[in-house]
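S.K.: The structure under discussion is supplied below as structure tokens; questions concerning it will follow.
Laboratory data are not the source of any read-out in this text; all were calculated from the coordinates shown. Every value quoted in this text rests on a predicted model; they were computed, and no experiment measured them. Using ideal geometry, Cβ is built from the backbone for each residue, glycine included, and neighbour counts are taken over all protein chains shown.
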2 protein chains.
Amino acid sequence: MNIPQTSFPRVVIVGGGFAGLAVARGLENKDVQVVLLDKHNYHTFQPLLYQVATGGLEPDSIAFPLRKRFNDIENFYFRLAEVTRIVKEENEIETTIGTLQYDYLVLATGSTTNFFGNKNIEKFTMEMKSIPQSLNIRSLILENFEEALLTSDLEERKKLMNFVIVGGGPTGVELAGALAEMKKGFLPKDYPDLDIRLMKINLIQSSGCLLKGMSEKASQKAEDFLVKLGVDVWKNLRVLDYDGDLVKTNGEDHFRATTVIWAAGVKGEAIEGAGTECIVERAGRYKVDTFNRVVNSDNIFAVGDVASMNSEAYPYGHPMMAQPAIQQGNLLAKNIVNLLNDKKLIPFVYDDKGSMATIGRNKAVVDLPKWKFQGVFAWFVWMFVHLFSLIGFRNKAVVFLNWVYNYIRFDRETRLIIRPFKKRNKYSFENSEK
Amino acid sequence: MNIPQTSFPRVVIVGGGFAGLAVARGLENKDVQVVLLDKHNYHTFQPLLYQVATGGLEPDSIAFPLRKRFNDIENFYFRLAEVTRIVKEENEIETTIGTLQYDYLVLATGSTTNFFGNKNIEKFTMEMKSIPQSLNIRSLILENFEEALLTSDLEERKKLMNFVIVGGGPTGVELAGALAEMKKGFLPKDYPDLDIRLMKINLIQSSGCLLKGMSEKASQKAEDFLVKLGVDVWKNLRVLDYDGDLVKTNGEDHFRATTVIWAAGVKGEAIEGAGTECIVERAGRYKVDTFNRVVNSDNIFAVGDVASMNSEAYPYGHPMMAQPAIQQGNLLAKNIVNLLNDKKLIPFVYDDKGSMATIGRNKAVVDLPKWKFQGVFAWFVWMFVHLFSLIGFRNKAVVFLNWVYNYIRFDRETRLIIRPFKKRNKYSFENSEK
């Protein structure tokens, strides 16, 4: 890998998401050598992926080049690589570009879509955890409409204009809302020959409420907003299977649809080799102590989505969201410095700053610890917080500009099929970057 | 194709580039039915593709959704399709989505890269005529640098950092200049471990001067600018072959390079079926009369790059640039209306408004009919003209914002590998959209 051996201990961070970035930032100009590995050369601002998928933002505006962030930091190395295995006994990792020794290993690999073992669903549904995947969804939506224009078969057209989103968490809710706004916005203008009433947006949630984890009020209001926007919300309905044509559920309702987006679950993207005993079964997350140290290891840490730190308040670990990731990352950087200086480690306590979701124009729900509110003001708060959280002035400016434009014009202009999806052999993902 | 038969004559326009768009605009709300076909759902502003390739702009900012442009136009139909054949006798075209009858056919298919029959060069070099291709180049440049970091073999590293651009026209000159600015700008910051002096940018031109077609002064100044920026300009040198490793020339100099960009020629993208006698051999352009009517046909027209209208001033047809395309398109729309009203057709006269090329920051050359100038002011003129020519307020705003940012910060921030190129099997283009 051509990384020099220095007298400083080497901290290898795997993953440049919120957690990994926080650790790397915290270790800037400390007496360590930092090696950051990621399979992309950019950090993805995941909370806005759904806007890329629905034509509201360009991909470049929610991504930030990782190298740029650490341009002027000494003892920092970035490598574009995927880690395939941890060789714990040797303090070594195996990657797509060779092996690397570490003194401290920080696993910040985040999460991946959880299909709960259903191969059909994995093969035929769309996921939205990365920029390429979001662009695939954007292309597929538009390609469906182009195709719907061509067919005279009404059933076929309905199928092409039927969208099923599985999972009523923030991703599902925000995506359903954005699709509903496309239906009210540019789609009928762009496709005047199509009867837009044929377009259906179905949001399917297995439990009895949306936005589990948020307040009852937020959940109810989000549902009201969605219904008002024309989304069909299906609660207490579980998707059992999908063959590219028919969505089978455990209820009486089935759905014929070309596009099914799977937002029903995530799991930690644990890497093999740290020992199976330290991984939570099915959840794919590393069991960590209050210092984010992976159980049964001294120098391996896990932060963010891939870490499961159980406590009384969070018996299944913290929510897989940006805030716990950033807070854990920040603290871990401090604790690594403490370790090196033989100081006492500080245990992690999650400071829940609240959560929020946006459904559409002037429609959002915000739960702060002491104040819960919904509607226009919540929407502005949501926008402000997201704009503020983006890395880089250019990104902030481009996103802001797009939002103002989209708001004034009721439009979403980045509706380009840049990565044609169907053409690339719809269900063969061999050549499609995930 | 589900396009209704009306009492209006049907004008089918193939291609949504500068020429096709001009025709469609000119026919707005006239007594015709207009069907526009394009293989992309967006118009590409080709003059700025090189900035997408070199990380200066996001692809969405130089593309405009074709449907949006004609949202509120009656009797207008867009279809996402590629035309595969013209069946002249039947007044019909065959496309990837079925056949279509026309009353008038307007061929505005533009141009494609001309490899002059060399299969090796076609296979191993990069071209830059579309957004996906530009993103491929962007990815390859960055992937090369990531790979160069990993190798200890100096020859291999040199090869990865060696860039060969074949063709000293506007595309080659602008791309070479942009690469040189990357070398001075973010590349040494992003890759401090690499000796940036190993990066070479070679611009190879078969004739004795760059920017053929512009003034001698512009050509000379462009070369001076390039040399000042550190580009190695090779004149009177012809590339004979490239096998993915070695660029063979007709001179003593050969080049080992991973990246070779072919900007040495374009040809018209003529579609089969209009009769071979109406196509200029090797140039792939339709021979047209002064009304842009394809020879030996009554109702087939060709405009823009794909049309070759010979005159005393332009014995080989007009230059393959935006201006002739737009002017021909505008006039053809008028002439089609004249035809329908049995009015006299107006012959085309090219109004040469001049040409320009930019080499880098504060460095451009402009040839106006009565005034030729170079340097800072030329650069501002170049920017103003290009900004002004972009379609859509949002695009203008985003491009302007990026330019201001890049200018102030000496940076190019959209350096993301969104379409990994090498990973997708470098030389297998089967799955890569062209």
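S.K.: Please sort by residue number the GluC sites (Glu not before Pro) in the stretch A:154-213 whose DSSP state is loop and whose Cβ has at most 14 other Cβ atoms within 10 Å. Walk me through the numbers before you get to the answer.
M.R.: Numbers: sites: A:155, A:156, A:174, A:181; in loops: none.
Those that pass, being in a loop and sparsely packed, number zero.
S.K.: For residue B:235 paired with residue A:236, estimate the spin-label separation in nm (one decimal), with each label point 7 Å from Cα along the Cα-to-Cβ line.
M.R.: About 8.2 nm separates the two model spin labels.
S.K.: Calculate the all-directions average of the projected area of the stretch B:185-303's alpha-carbon convex hull, and give it in nm². Mind dumping the intermediate values first?
M.R.: Details: hull surface 46.5 nm².
Orientation-averaged projected area of the Cα hull: 11.6 nm².
S.K.: Dividing the convex hull volume of the Cα atoms of the stretch A:1-150 by its residue count, what figure in Å³ per residue is obtained? Can you show the working numbers first?
M.R.: On the way: hull volume 20.2 nm³, N = 150.
That works out to 134 Å³ per residue.
S.K.: Continuing with this model, one more query. Once amide H atoms are built 1.01 Å from N in the peptide plane, which residues 5 or more positions from residue A:10, or in another chain, come under 5 Å H to H?
M.R.: So residue A:10 has HN proximity to A:33, A:103, A:104.
S.K.: Let me ask another. Students often get this wrong, so check it: of A:68/A:370; A:184/A:235; A:39/B:129, which have C-alpha atoms separated by over 30 Å?
M.R.: From the list (A:68/A:370; A:184/A:235; A:39/B:129), the Cα-Cα distance tops 30 Å for A:68/A:370.
S.K.: I'm a student and want to see the number: the projected area of the Cα convex hull of the stretch B:1-40, averaged over all directions, in nm².
M.R.: On the way: hull surface 12.1 nm².
Averaged projected area of the stretch B:1-40's Cα convex hull equals 3.0 nm².
S.K.: How big is the C-alpha Rg of the stretch A:353-395 next to the rule-of-thumb value 2.2 N^0.38 Å, as a ratio? The partial results should precede the final answer.
M.R.: Values: Rg = 10.9 Å, N = 43, 2.2 N^0.38 = 9.2 Å.
The reported ratio for this selection is 1.19.
S.K.: How many times 2.2 N^0.38 Å is the alpha carbon radius of gyration of chain A?
M.R.: Details: Rg = 22.2 Å, N = 434, 2.2 N^0.38 = 22.1 Å.
Against the empirical 2.2 N^0.38 Å value, I get 1.00 for chain A.
S.K.: Another question, then. Name the residues whose placed amide hydrogens come within less than 5 Å of the amide hydrogen of residue A:261, ignoring near sequence neighbours (fewer than 5 apart) on the same chain.
M.R.: A:126, A:164, A:165, A:166
S.K.: Further question: Using only the Cα atoms of the stretch B:214-274, what semi-axes does the equivalent ellipsoid have when each is the square root of 5 times a gyration tensor eigenvalue? Give whole Å, largest first.
M.R.: Working: eigenvalues 135, 92, 24 Å².
Values for the stretch B:214-274, descending: 26, 21, 11 Å.
S.K.: Additional query: Convert 10 °C to kelvin, take the viscosity as 1.306 mPa s, use the Kirkwood radius over C-alpha pairs of the stretch A:137-236 as Rh, and evaluate the Stokes-Einstein diffusion coefficient in µm²/s, rounded to a whole number. Mind dumping the intermediate values first?
M.R.: Working: Rh = 14.1 Å.
Roughly 113 µm²/s, to the nearest whole number.
S.K.: Right, here's the next one. Taking θ = phi - 60°, what integer Hz values does the Karplus form 6.51 cos²θ - 1.76 cosθ + 1.60 yield along the stretch A:75-81, in sequence order, with x for Gly and Pro?
M.R.: For the stretch A:75-81, the Karplus curve yields 6, 10, 10, 10, 9, 7, 7 Hz.
S.K.: Oh, and also: Through the Karplus equation 6.51 cos²θ - 1.76 cosθ + 1.60, θ set to phi - 60°, convert the phi angles of the stretch B:211-228 into ³J(HN,Hα) values in whole Hz; use x for Gly and Pro.
M.R.: After applying 6.51 cos²θ - 1.76 cosθ + 1.60, I find 6, 3, x, 9, 6, 4, 4, 4, 4, 5, 5, 4, 5, 4, 4, 4, 4, 4 Hz.
S.K.: Right, next: Taking only C-alpha pairs under 8 Å that are 6+ residues apart, what is the relative contact order of the stretch A:143-302 in percent? Mind showing how you got there, number by number?
M.R.: Values: 261 pairs, mean separation 35.7, N = 160.
Computed value for the stretch A:143-302: 22 percent relative contact order.
S.K.: Ok, one more. Would you mind checking the radius of gyration and Dmax of the stretch B:65-197 based on alpha-carbon positions, in Å?
M.R.: Cα only, the stretch B:65-197: 21.8, 65 Å (Rg, Dmax).
S.K.: Name the shape class, rounded, prolate or oblate, that the alpha-carbon gyration tensor gives for the stretch B:285-385, where a ≥ b ≥ c are the square roots of its eigenvalues, rounded holds for a/c under 1.5, and otherwise prolate holds if a/b is larger than b/c and oblate otherwise. Working shown, then result.
M.R.: Details: a/c = 2.98, a/b = 2.42, b/c = 1.23.
It is prolate, given that a/c is not under 1.5 and a/b is the larger ratio.
S.K.: Please give me, ordered by residue number, the chymotrypsin sites (Phe, Trp or Tyr not before Pro) of the stretch B:282-388 that lie in loop per DSSP and have at most 13 other Cβ atoms within 10 Å.
M.R.: On the way: sites: B:286, B:291, B:301, B:316, B:348, B:350, B:371, B:373, B:377, B:379, B:380, B:382, B:384, B:388; in loops: B:291, B:316, B:348, B:350, B:371.
When the chymotrypsin sites (Phe, Trp or Tyr not before Pro) of the stretch B:282-388 are filtered for loop state and at most 13 Cβ neighbours within 10 Å, B:316, B:371 remain.
S.K.: Compute the signed sum of charges (Lys and Arg +1, Asp and Glu -1) over the other residues within less than 14 Å, Cβ to Cβ, of residue B:251. Write down the numbers at each step before the final one.
M.R.: Values: positive: B:235, B:238, B:248; negative: B:232, B:241, B:252, B:253.
It works out to a net charge of -1.
S.K.: Can you give the three extents of the C-alpha atoms in the stretch A:1-72 along their principal axes, from longest to shortest, in whole Å?
M.R.: On the principal axes, the stretch A:1-72 reaches 49, 23, 20 Å in Cα extent.
S.K.: Now for a different question. What's the magnitude of the charge dipole for the protein assembly as shown around its Cα centre, counting Lys and Arg as +1 and Asp and Glu as -1 at the beta-carbon? Answer in Debye, nearest 20.
M.R.: Values: 108 positive and 102 negative charges, 351 e Å.
Its charge dipole is roughly 1680 debye.
S.K.: Mind checking which aspartates and glutamates have their Cα closer than 19 Å to the Cα of residue A:287? Skip sequence neighbours fewer than 8 apart in that chain.
M.R.: A:89, A:269, A:272, A:277, A:298, A:305, A:312
S.K.: A further question follows. Per residue of the stretch B:161-168, what does 6.51 cos²θ - 1.76 cosθ + 1.60 with θ = phi - 60° give for ³J(HN,Hα)? Whole Hz please, x for Gly and Pro, Karplus curve as stated.
M.R.: For the stretch B:161-168, the Karplus-derived couplings read 9, 9, 10, 10, 10, 9, x, x Hz, x marking Gly and Pro.
S.K.: Viscosity 0.692 mPa s, temperature 37 °C: Stokes-Einstein D of the stretch A:249-307 from its Kirkwood Cα radius, in µm² per second?
M.R.: Details: Rh = 13.7 Å.
Diffusion coefficient, whole number: 240 µm²/s.
S.K.: For the stretch B:181-255, what's the radius of gyration and Dmax over Cα atoms, in angstrom?
M.R.: Radius of gyration, then largest Cα-Cα span, for the stretch B:181-255: 14.7, 42 Å.
S.K.: Further, regarding this structure: Using modelled amide H (1.01 Å from N, peptide plane; none on Pro or chain starts), what sits under 5 Å from the amide H of residue A:77, excluding residues fewer than 5 places away?
M.R.: Under 5 Å from the amide H of residue A:77: A:34, A:35, A:36.
S.K.: Hey, for residue B:344 with labels 7 Å out along Cα-Cβ, what do the inter-copy distances come to in nm, ordered shortest first?
M.R.: So the label point of residue B:344 gives 10.0 nm to the other copies.
S.K.: How big, on average over all directions, is the shadow cast by the Cα convex hull of the protein assembly as shown, in nm²? Mind showing how you got there, number by number?
M.R.: Working: hull surface 146.8 nm².
For the protein assembly as shown, the mean projected area of the Cα convex hull comes to 36.7 nm².
S.K.: Let me ask something else. Within the stretch B:242-333, list the GluC sites (Glu not before Pro) lying in a DSSP loop whose Cβ has at most 13 other Cβ atoms in a 10 Å radius.
M.R.: Values: sites: B:252, B:269, B:272, B:277, B:281, B:312; in loops: B:252, B:269, B:272, B:281, B:312.
Hits after loop and neighbour filter: B:252, B:272, B:281, B:312.
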